[in-house]
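Let me begin by presenting the structure, written as structure tokens, before commenting on it.
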Amino acid sequence: MKLYDDALEKYVAAVWACVCGEAANAGDFRYIPVLCSMAKIYWDRQNYAMVEKIFRQSAEFCSEHDTWKLNVAHMFFMQEVKFKEAIRYYEPIVKKAMGTGILDVTAIVLANLCVSYIMTSQNEEAEELMRAIEREEERVGNCGLSGEHGLH
């Protein structure tokens, strides 16, 4: 298995070198799916250290891309000891949606941010997030109510 892991790591490094070279020249984010596919190989094997290494290597080119940020947040969360780092990436996603509709944020992001708050003893922030979600659910739920039977 060690030989397989070494070969896989060399292959990923070679592919990554090609991708990074093209990315630096292209100036766009077309290679994000390649990056995520490479990281998924290690993700599926629960080798989060290698996933982190791949994302760190890509930070120079990807750190402003929302998909990259979301995957980095998930990667930190899954390591179960890097909740503070996960918060750093989940919070901007949630705060960005606070003004437009927090329910537009996927449930997994909201749940992971809440758990990350709790695991880092930021219980007040977790409670505030849950209250914001409840307020938005109530607001959305009340929008369609009228008349004797309620919903139309």
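Sorted by mean Cβ packing within 10 Å, highest first, what order do the peptides 124-134, 64-74 take?
64-74, 124-134
Tell me the per residue accessible area of segment 31-152 using a 1.4 Å probe; a whole number in Å² is fine.
60
Sort segment 68-124 into rounded, prolate or oblate with this rule: let a ≥ b ≥ c be the square roots of the eigenvalues of the Cα gyration tensor; rounded if a/c is under 1.5, and if a/c is not under 1.5, prolate when a/b is larger than b/c, oblate otherwise.
Taking the square roots of the gyration eigenvalues as a ≥ b ≥ c, segment 68-124 is oblate.
When the accessible area of segment 35-134 is computed with all protein chains present and a 1.4 Å probe, what percentage of it is carbon and sulfur? List each step's numbers first, then the result.
On the way: 2950 of 5470 Å².
Its accessible area is 54 percent carbon and sulfur atoms.
Note down the nm distance, to one decimal, between modelled labels 7 Å out along Cα→Cβ at His65 and at Ser121.
3.8
For segment 42-152, what value does the Rg/Rh ratio take when both radii are computed over Cα atoms and Rh is the Kirkwood radius, given to two decimals?
The Rg/Rh ratio comes out at 1.10.
Holding the Cα-Cα limit at 22 Å, pick out from Lys40/Lys96; Lys53/Lys84; Lys53/Lys96 the pairs that are longer than that.
Violating the 22 Å Cα-Cα cut-off are Lys40/Lys96; Lys53/Lys96.
The values are calculated or read from the model by the stated rules, or taken from the named source; none is laboratory data. Since the structure is predicted, the reported quantities are computational estimates derived from the model, not experimental observations. Backbone-built Cβ (ideal geometry, glycine too); neighbour counts: all protein chains shown. The protein model used for the area step is the full one, side chains on, heavy atoms only, and it has no ligands, DNA or RNA in it. Shrake-Rupley method; radii C 1.70, N 1.55, O 1.52, S 1.80 Å.
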